[in-house]
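Below is one structure; the comments refer to it alone.
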Amino acid sequence: MVEGLYMYAKTKKATFNLHPHVIAAMDKVMAQGAASSKNVLVERAIIKELKELQRKNRKTRWEEGSKDSLLLKDIEAIEADLQAADTETARGIV
């Protein structure tokens with residue numbers, strides 16, 4: 001999960017090869033004050049990408065689930081239970 005990536009207390013050195021135009025673009029935004037360091041900029045970019053991959057993965061799972069008749073029946077049952085609870089609560093308020 002991405003949440004664990006926000007633990008900035010301890011870091012581990014990693015080496016990556018980047019295309020020269022990516023490094024030049026990074027240097028340009030760093031000169032504009034985009035981040036306190038290149039490490040921070042790269043880490044933020046990686047975290048953003050990982051979150052997007054997680055979002056896409058969740059979307060795919062929901063799309064798969066929308067075709068699962070057992071899951072859909074479970075959702076319907078839960079919605080019916082919640083509706084009954086809401087009705088009961090509303091009666092107690094009035």
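Looking at residue 76, is it under 30 Å from residue 15 (Cβ atoms) and assigned to a helix (DSSP H, G or I)?
Values: under 30 Å from residue 15 (Cβ atoms): no; assigned to a helix (DSSP H, G or I): yes.
Taking the combined requirement at face value, the residue does not satisfy it.
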**OP:** Go through (1) in a helix (DSSP H, G or I); (2) free of Cβ contacts under 8 Å to residues at least 24 places away in the same chain; (3) within 25 Å of residue 18 (Cα to Cα) one by one and return the number of the condition residue 51 breaks.
**Re:** (2)
Subject >> Candidates 67, 56, filtered to the one that is within 26 Å of the chain's Cα centre (by Cα), surrounded by fewer than 10 Cβ atoms within 10 Å (Cβ to Cβ) and either under 30 Å from residue 35 (Cα atoms) or modelled with pLDDT of 90 or more (or both) >> reply: 67
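The values are calculated or read from the model by the stated rules, or taken from the named source; none is laboratory data. Just so we're clear, the structure is a prediction, and the values are computed from it rather than from any experiment. Every residue, glycine among them, receives a Cβ derived from its backbone with ideal geometry; neighbour counts consider all protein chains shown.
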